[in-house]
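Asks: Let me begin by handing over the structure; questions about it come next.
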Amino acid sequence: MPTGLVALLDDVAAIAKVAAASLDDIGAAAARAGTKSAGVVIDDAAVTPQYVTGFSPARELPMIWKIAKGSFKNKLLFLLPAAVLLGQFAPFLIPFILILGGLFLCYEAAEKVLEWLRVDQTTKHDVPAIVEGHGREEEMVSGAIRTDLILSAEIMAIALSEVTDQVWWQQGLILALIGIVITVVVYGAVALIVKMDDIGLHLAKENEGAIASFGRGLVRFMPKLLTAISIIGTLAMAWVGGGLLVHNVATIGWHGPEYLIDILSHPLVGLFPASAKLLVGGIAFAVLSGVLGTLVGAAIAPLVHRIVPHGGKH
C-alpha cells in the first residue's frame with residue numbers, strides 16, 4: 001500500500017512537471033507572438049482616444065469601458081474560435097490572410113503620412129461630438145468597436161502565425177492570453193491618456209506651488225504625447241505591415257522583396273563589426289520594410305478610396 005501511494009505521488013509529480021513545462025511553453029510562445037503584434041497594439045492605443053474626444057469628461061471612462069468590453073468580445077468570442085479552427089484545418093491560408101492584413105496596415109500608415117505631407121483634413125473629426133445630437137455616443141462606441149475588430153483580427157492573425165507548431169488547445173490558450181493582456185494594456189493606457197489632462201487640470205486648480213506647476217505642465221504635455229503616440233503608431237504600422245508583406249509573399253514563393261531588402265541593407269551591415277551585424281541587420285530590415293510598406297500603401301490608396309469614401313474609415 002505505501003509503495004502504491006509513493007508510485008501515485010510520483011505520477012502526480014510527473015504530471016505536474018509536464019503541466020508546468022507546458023505552461024512555461026505557453027507563456028514563452030505568448031510573449032513571442034505578442035511582441036510580433038506590437039505595431040498593431042500601438043496603433044490601437046493611438047486610434048482609440050479620438051472616439052471619446054469632445055464628450056464631457058464624465059462620459060469618457062464609461063465610453064472606454066464599453067469599447068473595451070466590445071474588444072473582449074471581438075477577440076474571445078469571434079476571432080479566437082475562428083483562429084483556432086483556421087490553425088487546425090486551413091493553416092495554408094494564414095500567409096494569405098497576413099498579406100491582406102499587411103496591406104491594410106500599409107494603407108493606414110500611408111494615409112497618415114500623406115495627411116502629414118499635404119495637411120489633409122478629410123479624415124479628421126473636427127466638430128465636438130458632444131454637440132452632435134442624441135445617440136452620438138453609441139455611434140462613436142460602435143465605430144470604435146468596428147475599428148477594434150479589424151485591429152484585433154490583425155493581432156490574432158499575427159499571433160497565430162507564431163504558434164502554428166502548438167496543439168489546438170495550446171493555441172487557444174496562447175491566443176486567449178494575448179487577447180486579454182493586450183486589451184487590458186491598450187484600454188488601460190487609453191483611459192490614462194484620456195484622463196491625464198483632467199488630472200493635470202485638477203492638480204493645477206486644487207494646489208499651489210510645485211504641484212500646481214506640475215499639473216499645468218501635464219496639461220501642456222498631453223497634446224505632445226498624443227502626437228508622439230500617433231507618429232510612433234504610424235511608424236509601427238508601416239514596419240509591421242511591410243514586414244508581413246515581405247515575409248509572407250516569400251512564404252508563398254515570391255522572394256523578390258526579401259532579396260531587395262537584403263541587397264540594400266548588405267553594404268550598411270558590412271560597415272559594422274560582427275558583434276553588431278545582427279542588430280544592425282534587424283534595424284535595417286525594419287526601416288526598409290517600413291519604407292516598402294508606406295510605398296505599397298500609397299500605391300493602393302487610390303483603389304481603396306474608390307471602394308471606401310475617403311474620410312469614412314473612422
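Asks: Would you mind getting the accessible area per residue of the range 193-296, heavy atoms of the protein chains only, 1.4 Å probe, in Å²? Can you show the working numbers first?
Replies: Working: 6160 Å² over 104 residues.
Dividing the accessible area of the range 193-296 by its residue count gives 59 Å².
Asks: For the range 234-314, with all protein chains present and a 1.4 Å probe, just round the carbon and sulfur fraction of the accessible area to a whole percent.
Replies: Carbon and sulfur atoms account for 76 percent of the accessible area of the range 234-314.
Asks: With every protein chain present, what is the per residue accessible area of the range 52-101 (1.4 Å probe, Å²)? Could you put the intermediate results ahead of the total?
Replies: Values: 2590 Å² over 50 residues.
For the range 52-101, the solvent-accessible area averages 52 Å² per residue.
The values are calculated or read from the model by the stated rules, or taken from the named source; none is laboratory data. The shown structure was predicted, so the numbers you read here are calculated from the model rather than taken from an experiment. Just the protein is used for accessible areas: all its heavy atoms, side chains included, with ligands, DNA and RNA removed. Shrake-Rupley method; radii C 1.70, N 1.55, O 1.52, S 1.80 Å.
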